[in-house]
1. Provide the net charge surrounding Ile33, with neighbours chosen by a C-beta distance below 14 Å and charges set as Lys +1, Arg +1, Asp -1, Glu -1.
2. For Gly74, what charge total do you get from the other residues with a beta carbon under 12 Å from its beta carbon, if Lys and Arg give +1 and Asp and Glu give -1?
3. Give me the net charge for the shell around Asp90: Cβ to Cβ below 11 angstrom, other residues only, Lys and Arg +1, Asp and Glu -1.
Amino acid sequence: MCAVELSSWRSLEVTVMHVDEVGRAGSKRIAKIAELEAKLRQLKERQQAVEARQRTLESRRARKADTRRKILVGAVVLAKVERGELSESDLRRWLDQALVRSDDRGLFGISIKVDE
């Protein structure tokens, strides 16, 4: 009977050791998964930051291009007025019709419109 008990005890001991090893291996896997998930989050955040910077730069370029176009159109119109190809009264009429902000109107010496 002692041999049976010893055999059962050894079997139990081996089982406990096996469960403990599996538990450690499982916790190592869980730790590795958590580490990889954290790294993935960091990479996604970095990618989002890069994309945000690209959008900002593109927006800046678009605004600069728009401003440059407006300046060039204005230069062409003013050159045509200076050469007499476009009357100054036509230009003033266009400005009077288009400009609504008082500071914009003041910049061109156009009287401020009073709401009717």
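Any read-out appearing in this document is the output of simple, stated calculations on the displayed coordinates, not a laboratory observation. Given the structure is predicted, the values throughout are model-derived calculations rather than measurements. Cβ atoms come from the backbone with ideal geometry, glycine included; neighbour counts cover every protein chain shown.
1. Details: positive: Lys28, Arg29, Lys32, Lys39, Arg41; negative: Glu35, Glu37.
Taking every Cβ under 14 Å from that of Ile33, the sum is +3.
2. Values: positive: Arg68, Arg69, Lys70, Lys80; negative: none.
Summing Lys and Arg as +1 and Asp and Glu as -1 gives +4.
3. On the way: positive: Lys80, Arg92, Arg93; negative: Glu85, Glu88, Asp96.
Charge balance near Asp90 sits at 0.
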